[in-house]
1. Quick one: among A:126, A:142, A:277, which has the greatest mean-square fluctuation in a GNM of chain A with alpha-carbon springs under 10 angstrom?
2. Rg and Dmax in Å for the protein assembly as shown, alpha carbons only: what are they?
3. Give me the distance in nm between label points sitting 7 Å out from Cα along the Cα-to-Cβ direction at residue B:105 and residue A:174, one decimal.
4. Extending each Cα 7 Å along its Cβ direction at residue A:43 and residue A:24, get the distance between those two points in nm, one decimal.
5. Between residue B:96 and residue A:308, how high is the FRET efficiency from 1/(1 + (r/R0)^6) when r is the Cβ-Cβ distance and R₀ = 60 Å? Nearest 0.05.
6. Efficiency by 1/(1 + (r/R0)^6): what FRET value for residue B:222 and residue A:214, r their Cβ-Cβ distance, R0 = 60 Å, to the nearest 0.05?
7. Residue by residue through B:92-102, how many Cβ atoms from other chains fall within 10 Å of the Cβ on average?
8. How many angstrom lie between the Cα centre of segment B:171-209 and the Cα centre of segment A:148-216?
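Any read-out appearing in this document is the output of simple, stated calculations on the displayed coordinates, not a laboratory observation. Quantities reported herein were computed from a predicted structural model and do not represent experimental measurements. When we count neighbours, we look across all protein chains shown, and the Cβ atoms used for this are built from the backbone with ideal geometry, even at glycine.
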Ligand SMILES: Nc1ncnc2c1ncn2[C@@H]1O[C@H](COP(=O)(O)OP(=O)(O)OP(=O)(O)O)[C@@H](O)[C@H]1O
Ligand SMILES: [Mg+2]
């Protein structure tokens, strides 16, 4: 919240956050897009199956976006998430293939493997950023190449397909025949990530480090340890996203994630999180994830070339960062 | 480069020691060394009869030492109460607290009380510190140090951005803190303010301590001469 509030009551605070909060205008854009596409092609766009499609498309990116929000709030960046996703998926698929069978035990081990693979890369990122003081852009550019390289070495470049049928059922199925499991899982991740960020000491320290790392250190916050945890969290979520992606496609999709990192970062920034650190919310990121997804889907439905989507997203991204800078110059001395 | 060479500073219990000296004399550097932010290449720090080993801000804090840094060291995007409790957040009672959930209501209330007792006029407790005026920000930093100190407070130009009334409030506060048994090291370029508040005045010049006075026995002229080097040269 950057603007000058006038009152301290909880209701006023909420109202104020809504009116002046950085994610408000972007939420309005999302609503506008949905309304526009609905008006143009109501039957096709505003249908339950279509919304389901959009949500499933967005869910893996949302999981990545939650981690990226934490990292960017610390004034860091993580380019490695797409590669870590692929690496974790490969490790998990290979393990499940080796164990064989279609039991929940196999699936649980596969899940554990994907989380552990993600955590390992995140720990490495975090240590290099916090202890070796290498800029996060460079560290994660390095691990981006390394994680993808290892995934290719392990698989010889051929997608692994050892995904148990039960897992594929989860990845493509719906709860109560209506809501995709993937969407529910991604929503739970986002809600948990949002609560931790907004209401816990872990979240508070994340904001503090992004605002003024030296001040946080002088206030007794263990900055190095916290940064390691934040990068570990982001990569563990990337590992989890890799597992979700396996569940959805029943294969590792090695070649399909080269742009995941930039999409996640764009979603986070469009959602009002500041690249300079210290400001951001998971709600904003969720909205930022849905704007590209809605655009992509809506443009196809109204019969426009989907090539307009990256053009529109690029524009929104630049405007979002411009607004962030403007806010900062206005409210900071 | 050497910022400090040969500074010998003793701070007695419940005493206000002023550090004065020109820009670049090494005042801030000395405070950073003593509060654990910078590690000195040489020298010893003793505290209550114990020699301190490797210092860190956390260790200094554990000893009851608090600091108002010249750059204030505030997290600009956080609210005043979040800054007041940064690094020592209050958690909710029970399970939620063990999970790390913050007790923002309690922290906000205490921060409000603190600002009220210290006579700080905080327009709202929820705005980000970035939106406060320079003086209000300084008040947040001063309040934080005053809230937590139990032995020593270092104050690096705590009144630099304050108005007349707020300055008087902070100086009164410094005396009250001293009367409560806490030592204060006050850095200021305002010599009348220093003379009026401090018990003892230490003069730093080019990284050395060049003079030490009881505040009662010295005037502005003599202080100025010590700060500019005229005094030592005259004595030499
Ligand atoms: N870590 C360091 N090592 C060596 N020199 C330093 C270090 N930090 C600062 N300096 C230098 O030490 C000198 C003293 O700086 P310092 O900030 O302590 O001055 P000051 O007395 O607080 O001045 P001012 O009144 O302007 O605040 C400066 O020339 C500065 O460049
Ligand atoms: Mg200074």
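1. In the Gaussian network model the winner is A:142.
2. 28.4, 96
3. Here the modelled spin labels are 4.1 nm apart.
4. 3.9
5. For R0 = 60 Å, the calculated efficiency reads 0.80.
6. Details: r = 37 Å, r/R0 = 0.62.
Approximately 0.95, to the nearest 0.05.
7. Values: counts 2, 0, 0, 0, 2, 1, 0, 6, 8, 7, 7.
Across B:92-102, the average partner-chain Cβ count within 10 Å equals 3.
8. 54
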